[in-house]
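**Student:** Pasting in a structure now, in structure tokens, and then I'll have a few things to ask.
Readers should treat all values here as calculations from the given coordinates under stated rules, not as data from a laboratory. If you're wondering where the values come from, they're calculated on a predicted model, not measured in any experiment. Cβ placement follows ideal geometry from the backbone for every residue including glycine, while neighbour counts extend to all protein chains displayed.
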Amino acid sequence: MKVCPMPFGGTLSRAAFSSIALLFALSATAADPLPRVDPAKAGFSSAGLQRIDRFYADEIARDRIPGAVVAIAREGKLVYYKSHGYQDKAAGSAMKNDAIFNLASMTKVLSVVTALTLYEEGKLPLKSTLATYYPQFANIQVGVIDAGGAVKTEAAKQPIFVQDLMRHTTGMTYGGRGGSAIHKLWPASSAAAAFAMNGPEFLETAAKTPLLFQPGTQWDYGFSIDVLGLVVEKVTGKSLGEASAERVWSKLGMRDTTFRLPADKRGRLAQPLPLDPISGKPQEIGIYKQQPKFDCAGSCAFSTAADYIRFGQMLVNGGVLDGVRILSPKTVRLMTSDHLGKNIKNFVAGTEAGRDGYGFGLGVAVRTEPGVAATNGSVGDYTWNGANGTIFWADPKEQLVVVVMSVGPGEIRKYYREQLAALVYGAMVR
């Protein structure tokens with residue numbers, strides 16, 4: 001048998017040498033969530049991608065954000081995967097690709113996919129009522145503000161369906177998103193509710209609080225998917241984190257995605273700047289310091305760019321990644337089709353200026369027409385972002401997935417969605 005010399009003395013068989021060489025090759029790429037490709041072969045200009053580098057260098061130098069991790073995949077392969085700036089500027093620690101971020105509302109997309117695995121098993125029909133799982137929602141009331149500004153109530157004309165939970169048409173609003181007397185009755189946000197109440201307490205509160213509008217009549221951002229997560233818990237008999245890990249995250253190799261960040265990973269948390277760059281006021285991320293009392297499906301998960309781009313690639317692939325199927329192609333198409341139609345009032349653009357021309361599917365905003373939006377893309381692209389600065393979109397027409405993990409919890413986060421789309425699509429040459 002032929003042998004190869006070993007650097008520390010002795011010999012190694014050619015077969016063993018080949019095996020170790022393969023191991024080292026795999027180890028060298030283990031940090032990459034998807035296979036890499038020459039950008040030119042994927043239709044990207046290297047000069048165009050360098051504009052992303054310059055954009056972040058400028059934003060970071062101006063103290064607008066501390067740093068970011070950007071992952072771009074096309075046709076299932078990584079075109080761009082880089083970290084920029086600082087993971088913790090105060091400590092002087094550089095951003096790394098494996099930095100961990102609170103997803104905020106990008107948690108919602110993960111939660112809906114977990115629920116859809118139950119839908120495919122016939123355990124969670126879209127037209128089943130919320131009261132089927134939690135009877136306290138059988139007699140829900142809708143708020144009506146009288147001439148004096150007081151809140152009166154009237155009975156709901158139809159029940160809340162699971163489909164309403166997934167598409168934000170329940171009337172369960174975020175208190176922090178409006179100033180009406182009805183808004184003031186609701187907790188400000190998903191995290192705020194989860195800090196104050198456990199799951200059963202939150203459900204009791206939601207069932208007794210007047211809805212902002214009649215179910216199924218308009219789109220409004222709020223607690224719908226938090227309630228969906230608790231429905232998942234009822235159906236599976238497990239916490240949302242356990243159900244999600246079992247049904248989705250572990251199958252996709254999403255090793256750092258969790259609702260309960262362990263102590264040994266907290267040093268990888270990306271930290272915000274101490275002051276909001278727009279208002280100049282102190283800023284922080286509450287979930288870094290306070291543990292939620294339940295796995296809030298609307299806001300409370302943590303993840304990395306690597307994990308989330310694998311999740312997004314699974315969706316663009318029609319529900320499968322690396323031979324492991326999470327959803328069927330038809331279910332992914334159902335999820336990423338508009339579910340508002342002509343009869344439901346569409347206020348999706350009210351969340352961010354770049355969402356003009358979007359409807360809403362199950363957990364994601366879906367572009368329904370060309371133009372209109374200031375944000376570049378294609379009809380059929382779908383997206384959702386996080387209030388702490390994270391961004392996700394997928395463009396099936398271009399076989400494109402983009403994930404940006406950053407920490408900018410103020411209004412500045414809305415600026416980056418349009419700019420990143422301009423930079424990414426501007427770097428494409430086919």
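**Student:** What is the calculated FRET efficiency for A188 to V37, with r their C-beta to C-beta distance and R₀ = 45 Å, to the nearest 0.05? Can you show the working numbers first?
**Tutor:** On the way: r = 43 Å, r/R0 = 0.96.
Taking R0 as 45 Å, the efficiency between A188 and V37 is 0.55.
**Student:** Alpha carbon centre of region 381-406 versus region 151-224: separation in Å?
**Tutor:** Result: 26 Å between the Cα centres.
**Student:** Please give, to one decimal in nm, the separation of the simple spin-label points placed at D356 and E204, each 7 Å out from Cα toward the Cβ.
**Tutor:** Calculated label separation equals 4.7 nm.
**Student:** Mind checking the dipole of the chain: about its Cα centre, +1 per Lys or Arg Cβ, -1 per Asp or Glu Cβ, Debye to the nearest 20?
**Tutor:** The dipole of the chain has a size of about 600 debye.
**Student:** Taking 22 Å as R0, compute the FRET efficiency from the Cβ-Cβ separation of S180 and E411 and round it to 0.05. Provide the component values of the computation, followed by the final result.
**Tutor:** On the way: r = 21 Å, r/R0 = 0.97.
The formula returns an efficiency of 0.55 here.
**Student:** Please identify every one of the trypsin sites (Lys or Arg not before Pro) in region 313-392 that sits in a loop by DSSP and has no more than 13 other beta carbons within 10 Å of its own beta carbon.
**Tutor:** Sparse-neighbourhood loop trypsin sites (Lys or Arg not before Pro): K342.
**Student:** Could you tell me which of the pairs K96/K281; K82/K414; K82/K330; K265/K289 are separated by over 23 angstrom between their Cα atoms in the structure shown?
**Tutor:** Result: K96/K281; K82/K330 exceed 23 Å.
**Student:** If I build a Gaussian network model for the chain, linking alpha-carbon pairs within less than 10 angstrom, which residue out of N376, N343, N317 has the largest mean-square fluctuation?
**Tutor:** Comparing N376, N343, N317 in the GNM, the peak value goes to N343.
**Student:** Here's another thing I want to ask about it. What is the list of residues in region 395-411 whose amide nitrogen lies under 14 Å from a point 7 angstrom out from the Cα of S93, following Cα to Cβ?
**Tutor:** none
**Student:** Follow-up. For region 200-353, rounded, prolate or oblate, judged on the Cα gyration tensor with a ≥ b ≥ c (square roots of eigenvalues), a/c < 1.5 rounded, else prolate if a/b > b/c?
**Tutor:** Since a/c stays below 1.5, the shape of region 200-353 is classed as rounded.
**Student:** Which FRET efficiency, nearest 0.05, do D58 and A150 yield, Cβ-Cβ r, R0 45 Å?
**Tutor:** 0.30
**Student:** Report the residue, chosen from L334, L110, L321, that carries the largest GNM mean-square fluctuation when the chain is represented by alpha-carbon nodes joined by springs under 10 Å.
**Tutor:** Maximum among the listed residues: L334.
**Student:** I've got another one for you. Taking the Cα centre of each part, how many Å lie between region 34-87 and region 278-334?
**Tutor:** 20
**Student:** While we're looking at this one, here's another question. Place a point 7 Å from Cα of S46 in the direction of its Cβ. Which residues in region 385-429 have their backbone N less than 17 Å from it?
**Tutor:** Correct set: 427-429.
**Student:** Given labels modelled 7 Å from the Cα in the Cβ direction, how far is it in nm from S337 to A138?
**Tutor:** 3.4
**Student:** Continuing with the same structure: Looking at the chain as a GNM with Cα springs under 10 Å, which of M106, M95, M405 has the largest mean-square fluctuation?
**Tutor:** M95
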